[in-house]
Structures are given as C-alpha cells and as structure tokens.
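The structure under discussion appears below in the form of structure tokens.
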Amino acid sequence: MARLAEESPRTAWRALADNLATGLVFLSFFVTHWIAQAIAWASASRNMSWHLLFGLLGSPLVHLAGAQTDEYFILLSVPNSLIWAAGLTYAAARLRSRIERTRRPGKH
C-alpha cells in the first residue's frame, strides 16, 4: 500500500523543524521581553520614558502588585513574560501563515 504524501518522512522532518523553529521564536520572545522588562523596571525611577516603557512591558501581571511591585517583581515578571511570548509567537505564526498563503496562490 502506498503512503500518502502527508505521511512521508520528509513531511515529518519539516513538521519537526517547524515546531523547533516555533519553540526558538517563543524562547527568543520570552528572554527578550523579560530582559527589557527588568531593565525598564530598574530604570523606571529615572525618568518618565522608562516609567512608561515599564508600564507597557509590565502589563498585565506585574501591575497586579500595585505599590508592592518591587517586592513581587521576580514572582510576577516570569509569568508575565510567558504571556507576552505566547501572544507574540501566535502573532508571528499567523503572519507567517498569511505570507506563505500569498506566495502560493493556488493552494489555500
């Protein structure tokens, strides 16, 4: 019995490569966001620009600590960066699939 094209080993390797690439994109977004968030947090008292940047990057979880942000920053910043990384990875995957669909107009 012949194998379907979708079940070929080459397709499995491509799927694995896509999953690994998605994982690396997620990890890159996570690390970048966490570092930027930590720098903005450490510099927020310097001027309004840093304060506004921290306000953006700290959303939504870091702001739950309110006046105790300094005490709970480490506890809340990691899950906050996970949320941001998941959302940005999803957006990047959607953008990638949209670009791939426009490159192959006959296959939707």
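Scan the stretch 61-78 for residues that are closer than 16 Å to residue 36 by Cβ and surrounded by fewer than 12 Cβ atoms within 10 Å (Cβ to Cβ) and the total you get is 1.
Looking only at residues in the stretch 79-91 that are without any contact (Cβ under 8 Å) to a residue 40 or more places away in the chain and among the hydrophobic types (A, V, I, L, M, F, W, C), which one is surrounded by the fewest Cβ atoms within 10 Å (Cβ to Cβ)? It comes out as 91. Among the residues of the stretch 92-99, not a single one is exposed (fewer than 10 other Cβ atoms within 10 Å of the Cβ) and more than 23 Å from the chain's Cα centre (by Cα). Can we say residue 47 is within 20 Å of the chain's Cα centre (by Cα) and not aromatic (Phe, Trp, Tyr)? So residue 47 fails the test. Here the stretch 56-91 is the region considered, the condition is being more than 16 Å from the chain's Cα centre (by Cα) and of a type in the set (Phe, Trp, Tyr), and the residue that is farthest from residue 44 (Cα to Cα) is 72. Note on the stretch 44-71: residues that are within 24 Å of residue 88 (Cα to Cα), at pLDDT 90 or above and assigned to a helix (DSSP H, G or I) amount to 9. In the stretch 8-22, the residues that are under 13 Å from residue 93 (Cα atoms) reach residues that are among the small types (Gly, Ala, Ser) with C-beta atoms within less than 8 angstrom, at least six apart or across chains, in these pairs: 22/93.
Residue-by-condition table, conditions (1) in contact with a helix residue (DSSP H, G or I) (Cβ under 8 Å, 6 or more places away or on another chain); (2) surrounded by 10 or more Cβ atoms within 10 Å (Cβ to Cβ); (3) more than 24 Å from residue 87 (Cβ to Cβ); (4) touching a residue at least 24 places away in the same chain (Cβ under 8 Å):
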site	(1), (2), (3), (4)
24	no, yes, no, no
27	yes, yes, no, yes
35	no, yes, no, no
44	yes, yes, no, no
58	yes, yes, no, no
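The values are calculated or read from the model by the stated rules, or taken from the named source; none is laboratory data. In this text the structure is predicted, and so the values were computed from the model without any measurement. Neighbour counts are summed over all protein chains in view; Cβ atoms, including those assigned to glycine, are modelled from backbone coordinates with ideal geometry.
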